[in-house]
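The block underneath contains the structure these notes are about, expressed in structure tokens.
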Amino acid sequence: MKKDINNANNKESILKEKKERFSTYLSVITVILSLAAFVISMITLLDQHKMQAYTYWQDYLNLAVENPKLANGLTTIDKISIIEIAKMEPGTPGHIDSTRDKFVEYAWFVTNTLNAAEIVHNLHSRDKYWRETILDVLKKHTAFYKSRSFNFEDYEEDFQAIIKNAIAKKMAEDKERAIKNGKIN
């Protein structure tokens, strides 16, 4: 009888130990599956960010192909500087409706460009290739940024820095070009 009780206790002890081991294995498997799900969700999120960036950038590129003159940046419209046109009010001397209309079209183009660039920057702020691409596109519109139609405060601080870098890059390139062409010593 004592043997039967010991045997029963042994079986109970072994069963309890197996249950504990099984419970530990289940916990480990649950943690592993949770980590795998987390990694998969992060990969999916990164892929979604990539797709969003490409979609917004493709929209910009389509607009640029449709409007190559605007995409290359304007410094003048109808031989009037962008900065001067931005100052013009309807009804003032020198105001030409068609010139002002062209300026408004250009302003909307630049705004669209900035919007696409800011979205891509927000999705991929650490990606140096996207950053260079954004800088190369934004630098073309330096004259517009200097007009009173443009307001830096409309953009987040880190994106303002991108715009300012684009302006600086354009000014440095212009200076280098002028030196190369003998216009500046």
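For this structure, a couple of remarks:
- Condition check for Lys11: in contact with a His (Cβ under 9 Å, 6 or more places away or on another chain), modelled with pLDDT under 75, in a helix (DSSP H, G or I) and surrounded by 10 or more Cβ atoms within 10 Å (Cβ to Cβ): no
- Residue that is farthest from Asn112 (Cα to Cα) [pool: residues in region 139-185 that are of a type in the set (Val, Ile, Thr) and not in a loop (DSSP other than H, G, I, E, B)]: Ile179
- Conditions (1) within 29 Å of the chain's Cα centre (by Cα); (2) not in a helix (DSSP H, G or I); number of the one not met by Glu89: (1)
One line per residue, one yes/no per condition, for (1) free of Cβ contacts under 8 Å to residues at least 60 places away in the same chain; (2) over 25 Å from Asp101 (Cα atoms); (3) buried (at least 16 other Cβ atoms within 10 Å of the Cβ):
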{"site": "His141", "(1), (2), (3)": "no, no, yes"}
{"site": "Ser147", "(1), (2), (3)": "no, no, yes"}
{"site": "Ile162", "(1), (2), (3)": "yes, yes, yes"}
{"site": "Asn165", "(1), (2), (3)": "yes, yes, no"}
{"site": "Ala168", "(1), (2), (3)": "yes, yes, no"}
{"site": "Glu173", "(1), (2), (3)": "yes, yes, no"}
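- Residue in region 129-138 that is buried (at least 16 other Cβ atoms within 10 Å of the Cβ), touching a strand residue (DSSP E or B) at 6+ places or on another chain (Cβ under 8 Å), assigned to a helix (DSSP H, G or I) and at negative phi present: no
- Selected residue [of a type in the set (Ser, Thr, Tyr) and at pLDDT below 75] from Thr75, Thr44, Thr55: Thr44
- When Ser125 is tested against (1) at pLDDT 75 or above; (2) within 25 Å of Ser147 (Cα to Cα); (3) outside any helix (DSSP H, G or I), only condition (2) is not met.
- Residue within region 156-164 that is closer than 20 Å to Pro68 by Cβ and of a type in the set (Phe, Trp, Tyr) present: no
The values are calculated or read from the model by the stated rules, or taken from the named source; none is laboratory data. What you see is a predicted model, and the numbers here were worked out from it, not measured in a lab. Note that we place each Cβ from the backbone using ideal geometry, even for glycine, and neighbour counts take in every protein chain shown.
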